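I have placed the structure first, in the form of structure tokens, so that the comments after it can refer back to it.
The values are calculated or read from the model by the stated rules, or taken from the named source; none is laboratory data. Note that the structure is predicted; figures quoted are calculated from it, not measured. In this analysis, Cβ positions are derived from the backbone assuming ideal geometry, glycine residues included, and neighbour counts consider all displayed protein chains. Heavy atoms of the whole protein, side chains included, go into the accessibility calculation; ligands, DNA and RNA do not. Shrake-Rupley method; radii C 1.70, N 1.55, O 1.52, S 1.80 Å.
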Amino acid sequence: MDSCIQELHFSHLHIPVTINHKFLVHPSSPTPANQSPHHSLYLSNLDDIIGARVFTPSVYFYRSTGNQPETRECLVMKRLRDALGEVLVPYYPLSGRLREVDNGKLEVFFGEEQGALMVSANSSMALADLGDLTVPNPAWLPLIFQDPEEEAYKILEMPLLIAQVTFFTCGGFSLGIRLCHCICDGFGAMQFLTSWAATTKTGKLIADPEPVWDREVFKPRNPPMVKYPHHEYLPIEERSNLTNSLWETKPLQKCYRISKEFQSRVKSIAQGQDPSLVCSSFEAMAAHIWRSWVKALDVKPLGYNLRLTFSVNVRTKLETLKLRKGFYGNVVCLACAMSTVNSLMNDSLSKTTCLVQEARVRVTEDYLRSTLDYVEVKRPKKLEFGGKLMITQWTRFEMYETADFGWGKPVYAGPIDLRPTPQVCVLLPQGGGVKSGGDQSMVVCLCLPPSAVHNFTRILSLNDYT
């Protein structure tokens with residue numbers, strides 16, 4: 001394997017967790033929700049599109065705080081709880097719940113027994129027993145609270161923020177968060193987390209920038225004007241062997257640390273094959289991962305159309321629609337590149353990179369408006385996985401810098417288990433527990449059937465180019 005790529009391994013283990021307390025955290029002072037018994041908030045079509053109707057789980061690990069166990073646990077819980085109550089005043093929508101209104105559209109509503117849910121838990125293990133804390137591990141699932149009776153993908157009348165603090169025997173602890181994607185995208189989530197962490201650390205409310213709701217900015221046009229085909233949402237009949245490979249077998253979660261040097265090499269290969277191509281490292285790496293994945297899975301038939309989707313932050317592309325500083329709602333659109341299996345197998349890396357680049361450039365304010373109108377007209381009811389790989393870029397977020405609650409930066413910050421949606425690939429920033437000397441490595445995580453792991457690792461490592 002190329003020395004610039006490191007296959008990462010995690011421990012297969014069982015983490016015993018005991019839930020001690022569950023309690024709701026309410027805003028610490030009155031909010032607009034208290035002023036009217038019928039207060040509700042509009043969600044844009046970007047907020048309540050089918051792909052946002054999920055909880056995004058993440059976990060943060062912290063080393064020992066140095067206090068005695070009982071003192072430490074009480075102190076950590078009190079500081080997190082008190083700070084959350086303060087932050088839920090400007091971020092009061094996170095204390096509400098979701099309900100469906102006309103035509104299946106969602107809105108936020110409020111009631112007396114609502115609030116964010118916090119959970120206190122203990123484990124009989126130490127952090128050192130969990131193995132490599134820089135590699136997302138499905139075994140960490142007990143560190144994120146989910147009610148045993150909870151239905152899959154349930155979001156209606158659920159707490160919109162669920163936070164579980166699990167204390168380990170070594171003095172360290174984890175913070176497992178489930179945040180409803182309908183309320184904020186990744187950038188909005190980082191804004192909220194920054195406020196909660198800073199408020200916990202300082203003991204006083206810090207909300208800079210001041211959060212802004214303003215979801216009405218993204219109301220659909222009347223009448224709607226759908227100007228693009230929006231292949232990213234179209235139902236496509238699964239006529240390939242992808243479903244059988246990934247859903248009907250038990251896929252393995254695999255992770256690879258990719259150095260900045262290797263990312264530059266992939267970009268150089270793509271641009272060297274087509275002198276007119278000027279691309280980003282992400283565009284070249286996304287194309288390389290897509291091609292490697294399809295080749296390793298040996299997808300058939302060769303004439304079948306495949307899709308690569310990835311989110312594009314449209315905040316910097318807005319021209320006529322204006323957002324106030326502090327807006328934390330969803331402002332991302334899915335870009336969609338399409339290619340036949342045969343082309344991905346046999347065309348050059350540069351050609352696939354061009355497809356990725358064209359898909360990204362296609363996402364403009366006009367495309368966003370068309371997406372809003374498409375959802376208004378069609379309102380897709382289920383996630384479409386036919387022939388699709390979805391790449392999610394957590395590398396865009398400063399998760400480690402953001403999540404210092406007063407106990408230092410987390411050792412790890414990110415997702416846990418990709419297997420429930422095995423057609424998702426996540427790009428993570430270099431873990432806080434790795435001494436990289438400033439090396440801007442990233443971690444690529446995705447799911448593969450056992451039979452495809454060797455080939456994927458070989459192709460990803462560019463062995464075909466040597």
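Counting 0.36 nm for each residue step from THR316 to LEU24 and taking away their Cα separation leaves a gain of 101.5 nm.
Here LYS78 is the anchor, and the lysines within straight C-alpha reach of less than 30 Å, apart from those fewer than 8 places off in the same chain, are LYS22, LYS154, LYS201, LYS204, LYS409.
For LYS295, go through the lysines and keep the ones whose alpha-carbon is under 17 Å away, minus same-chain ones fewer than eight residues off. The reachable lysines, counting only those whose Cα sits under 17 Å from LYS295, are LYS254, LYS351, LYS388.
Could you tell me which of MET399, LEU349, TYR62 has its Cα farthest along the dipole of the chain towards the positive end, charges placed at Cβ (Lys, Arg +1; Asp, Glu -1), taken about the Cα centre? In the chain, that residue is LEU349. Taking all protein chains into account, the per residue accessible area for the chain stands at 42 Å² (1.4 Å probe). The fraction of accessible area contributed by carbon and sulfur in the chain is 51 percent, rounded to a whole number (1.4 Å probe; ligands and nucleic acids excluded). Sorting 110-119, 385-394, 15-24 by their mean Cβ neighbour count within 10 Å, with the most densely packed peptide first, gives 385-394, 110-119, 15-24.
Listed highest first by mean packing, meaning other Cβ atoms within 10 Å per residue, what order do 190-197, 137-144 come in?
Numbers: 190-197: 22.2, 137-144: 20.1.
Descending packing order for the listed peptides: 190-197, 137-144.
When THR31, THR169 are compared by accessible area at a 1.4 angstrom probe, the order from most to least is THR169, THR31.
Local charge sum around ALA83 (other residues, Cβ-Cβ under 14 Å, Lys/Arg +1, Asp/Glu -1)? All intermediate terms of the calculation are to be shown ahead of the outcome.
Numbers: positive: LYS78, ARG79, ARG81, LYS201, LYS204; negative: ASP82, GLU86, ASP404.
Here the charged neighbours net out to +2.
For ARG362, the solvent-accessible surface computed with a 1.4 Å probe is close to 100 Å², ligands and nucleic acids excluded. Counting heavy atoms of the protein chains alone, HIS26 has an accessible area of about 80 Å² for a 1.4 Å probe. Each residue was assigned an accessible area with a 1.4 Å probe, and for SER343 the value is about 40 Å². Rounded to the nearest 20, the Cβ-based charge dipole of segment 8-218 about its Cα centre (Lys and Arg +1, Asp and Glu -1) stands at 600 debye. Projecting the Cα positions of GLY176, ILE50, TYR153 onto the charge dipole of segment 8-218 (unit charges on Cβ atoms of Lys, Arg, Asp and Glu, taken about the Cα centre) puts GLY176 furthest along the positive direction. Under the simplified labelling scheme, the GLN35-SER451 pair shows an inter-label distance of 6.3 nm, with each label point 7 Å from Cα along Cα→Cβ. Diagonalising the gyration tensor over the Cα atoms of segment 8-218 and scaling each eigenvalue by 5 before taking the square root yields semi-axes of 30, 20, 15 Å, largest first. Reported value for the chain: 151 Å³ per residue, from the convex hull of its C-alpha atoms.
Give me the net charge for the shell around VAL212: Cβ to Cβ below 12 angstrom, other residues only, Lys and Arg +1, Asp and Glu -1. Walk me through the intermediate numbers first.
Details: positive: ARG215, LYS322, ARG324, LYS325; negative: GLU210, ASP214, GLU216.
Residues near VAL212 contribute +1 overall.
Across every direction, the projection of the convex hull enclosing the Cα atoms of segment 311-466 has a mean area of 13.3 nm².
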